[in-house]
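Remarks on the structure that follows.
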Amino acid sequence: MKNLIKSFLIVVILLVNSCGEGITEPEPGRRDYVWEVDTLNYPYAPMIRIWGTSPNNIWTISSGEHAKSIAHFDGKSWSVFGVDGNAGLTALWGFINSKVFTGNIRGQIWQYNGSGWFLFYQLEKDRRTDIGINNIWGISENDFYAFGAYPDSMKLFNNSVIAHYYRGEWNMLNTGFITGLIANLYKNQDNGNIYFQVLKIGGSIHPDSTIICEYSKSGIKKLYTSLNIRGETANISLINKDVYFILGNRIAKIKNGKFNTILEINNSKFLQRLWGRSEKDLFLLMTDGLVHYDGSTYEYIIHFNKTGAIVSGSVILDKDAFFLIREYPYNLIYHGKLK
C-alpha cells in the first residue's frame, strides 16, 4: 500500500477566440494586489489541493501526516486536523461550506456537512476499490465527477476511472480504450461537452504522455496527444465556465470541434499551467514564479524563493486570489487582495 501511495503521489505532483456580436469583451485584468503569505510548516504534510468559496472559507488537504491532512482558513487563522478513517487524501472539491468533498487513495469519497465528516461513497470499478481519486469536480452537489485510476499489473495508475454522481445516483463511465490516470476534468459551457486530461504513465516501458479527450453524446474521442515533458505537455483549465486547452506553448479554446488559438507563450519557462478570470486576466506558471497576463503584457506577480517550488492549485475570486505553493518544508498560501 505504501508503494502504491508513493506511486500515485508522484502522479499528483506531475500534474501540481473569437468574439461574436453582442458578446462583451473582458476588461484587462488588474495587477494592483496586496499580498500576504501564510506558512504551514509541515514537513511531512505537503498540501496538494486547495478549494474555497470566499476569503473566509478556504480548504486544503494533504496525503501525508494524518493529523494534518485537512486545513481550513476562516479569514483569520488556520485550523488543521485529521478525520478518523479518511487517510491518504488526494482530491478536494466543494460547493458551499456544508457540501465539501474529499477523495482518497482507497476510492473513498468523504463529505463535510457543516458539522462533521462522514463516508459519502465507496467507488468500485472492475471489482477494484483501490482507486486513486486524483480529484473531484462538478457544477453542483447533485452533479459532480470523481476521477483518477487504479493500478495496472505494473502497479502504475493507468486503469482510468470516471464516476459521475447525478441526483443521488452514481454512474461509472465506460472509458473504454483510454489508458492512464484521469488528471483533470471539466464541462465546457459553450457546447456542454466534458473534456479531460489523461496522464499515461509509461514506467520503464515508454515515456509518460498526456492525452486530451472529449466526452459527448457520441462517446469519447482523443483530441490531442503529447509527451509529458516541459514545453510539450498538454493540460486543461476551467476559466469562467470555459475550458482552456494548454497545448505546449499554445493556449486555445474549442470552436466547432477545432482548437482556436487565443494566445502563444513564447517563453521556455512556461510550465503549461494557468488559472484566471478571463483570457485577459490569466496567471501563468513559470519555473521561477507566477506571471500575470492582462491581454497585452506580462508581469511577474510572485517570485519563488526556491528552485523546484510546486504550485498545487489556486482559488480565484472576484477580488482575491489564493495560490498554494510548496517550498519544502513549507506550505505557503499566497493571498492577493486587489486594492
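Bear in mind that the values in this text are calculations on the coordinates, not laboratory data. For clarity, every value in this text was computed on a predicted model and none was experimentally measured. Counting neighbours? That spans all protein chains shown, and the Cβs are built from the backbone with ideal geometry, glycine included.
Brief remarks follow.
- Along its first, second and third principal axes, ordered by size, segment 205-339 spans 45, 40, 27 Å in Cα coordinates.
- The chain, helix-only ellipticity at 222 nm - DSSP H runs n ≥ 4, -39,500 (n - 2.57), divided by all residues, nearest 500: -1000 deg cm²/dmol
- Relative contact order for segment 47-142, counting Cα pairs under 8 Å that sit 6 or more residues apart, in percent: 20 percent
- Relative contact order (%) - criterion: Cα under 8 Å, at least six apart; region: segment 207-319: 14 percent
- Extent of segment 253-315 along its three principal axes (Cα atoms, max minus min coordinate, largest first): 43, 26, 21 Å.
- As a length-normalised measure over Cα pairs under 8 Å and 6 or more apart, the relative contact order of segment 159-220 settles at 23 percent.
- Of the two radii for the chain, the radius of gyration is 0.93 times the Kirkwood radius, both from the alpha carbons; that is the Rg over Rh value.
- Over 23 Å (Cα to Cα) - which of 221/241; 155/253; 255/280 fall in this group: 155/253
- Remark: the chain carries a charge dipole of roughly 600 debye about the Cα centre, counting +1 on each Lys and Arg Cβ and -1 on each Asp and Glu Cβ.
- One quarter of the surface of the convex hull around the alpha-carbon atoms of segment 79-131 equals 3.8 nm², the direction-averaged projected area.
- Phi-derived couplings, Karplus 6.51 cos²θ - 1.76 cosθ + 1.60 at θ = phi - 60°, listed residue by residue for segment 128-138: 10, 10, 7, 8, x, 7, 5, 6, 10, 8, x Hz, with x used for Gly and Pro.
- Geometric extent, Cα atoms of segment 147-282 - Rg, Dmax (angstrom): 15.2, 46
- Sequence-distant residues sharing a close amide H with residue 124 (under 5 Å, placed H): none
- D (Stokes-Einstein, µm²/s), Kirkwood Cα radius, segment 120-215, 0.890 mPa s at 25 °C: 178 µm²/s
- Charges were assigned to the Cβ only: +1 to each Lys and Arg, -1 to each Asp and Glu. The resulting dipole of segment 160-248 about its Cα centre is roughly 120 debye.
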